[in-house]
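The values are calculated or read from the model by the stated rules, or taken from the named source; none is laboratory data. All figures in this text were calculated on a predicted structure; none of them were measured in a lab. FYI the Cβ positions are ideal-geometry reconstructions off the backbone, even for glycines, and counts take in every protein chain you see.
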Ligand SMILES: Cc1cc2nc3c(=O)[nH]c(=O)nc-3n(C[C@H](O)[C@H](O)[C@H](O)COP(=O)(O)OP(=O)(O)OC[C@H]3O[C@@H](n4cnc5c(N)ncnc54)[C@H](O)[C@@H]3O)c2cc1C
């Protein structure tokens, strides 16, 4: 469990390798990019009390027998204004997703509920010539979005923007917590994270921002 020894300016943790040997590692910064576990790491691993909360929002999918012959995707808009996609999947199947449901419990225990499967079937059936029957569903799966809890009423309305929260009391090593985010914004998020940490590492000297990238000095494309 990482510790913050006062005044040492470093975090320390014990790691155990596959053979069971333990050794201590130290770091001058910790970036908590634990995805759906970000809140768990703050509260349970680091034992830090924080007012910031992650909102776990489940996105479920159904995989059906192949529903159409061409190789293009559909995006349908439902009466609830949400969009649902239907994508050709693994040659013989169609992938339909997703939902937005507040998720209680452990992130790795998420599954598509019968109600979510029904919602996805109904959403696609509104548009497809042949309605999607329960027997068409061959598999389901879910992922959990670790959204920043901005107090929005519905899971759909909760912000999809990433939020970086820096915790750097006194001379303790900084902890940067990453809430939310998208694959599509990973680079911006990484640049923003570096910008938040830069004041703590003045000797680092090189900015990894858009200008740096344009000059060929940033992340590899
Ligand atoms: C249903 C759904 C739909 C999505 N749709 C889109 C989309 O259309 N477009 C888009 O751009 N993005 C989308 N996303 C978001 C995208 O998947 C995430 O932004 C992305 O996966 C985040 O990557 P990450 O590495 O930050 O977190 P993750 O991929 O969640 O990785 C976190 C890692 O932390 C590890 N970890 C946890 N606890 C610890 C610990 N104590 N010590 C060490 N490691 C730990 C975990 O094992 C995991 O590997 C979607 C997500 C979901 C769930």
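Summary of computed values
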| item | result |
| --- | --- |
| Subset of region 42-53 [within 11 Å of the ligand (Cβ to nearest atom) and either touching a residue at least 60 places away in the same chain (Cβ under 8 Å) or buried (at least 20 other Cβ atoms within 10 Å of the Cβ) (or both)] | 42, 46 |
| Check on residue 67, in contact (Cβ under 8 Å) with a residue 24 or more places away in the chain, in a loop (DSSP other than H, G, I, E, B) and farther than 22 Å from residue 180 by Cβ | yes |
| Criterion violated by residue 116 - all others in (1) surrounded by 14 or more Cβ atoms within 10 Å (Cβ to Cβ); (2) modelled with pLDDT of 95 or more; (3) closer than 30 Å to residue 193 by Cβ satisfied | (3) |
| Single match in 73, 33 (criterion: in contact with a strand residue (DSSP E or B) (Cβ under 7 Å, 6 or more places away or on another chain), surrounded by fewer than 19 Cβ atoms within 10 Å (Cβ to Cβ) and free of Cβ contacts under 8 Å to residues at least 40 places away in the same chain) | 73 |
| From 100, 108, residue being farther than 30 Å from residue 201 by Cα, in contact with a strand residue (DSSP E or B) (Cβ under 9 Å, 6 or more places away or on another chain) and surrounded by 14 or more Cβ atoms within 10 Å (Cβ to Cβ) | 100 |
| Subset of region 30-43 that is out of contact with any helix residue (DSSP H, G or I) (no Cβ under 6 Å at 6 or more places or on another chain) and outside any helix (DSSP H, G or I) - its residue that is nearest to residue 186 (Cα to Cα) | 33 |
| Among the candidates 57, 25, residue that is in contact with a strand residue (DSSP E or B) (Cβ under 8 Å, 6 or more places away or on another chain), part of a strand (DSSP E or B) and crowded, with 19+ Cβ neighbours inside 10 Å | 57 |
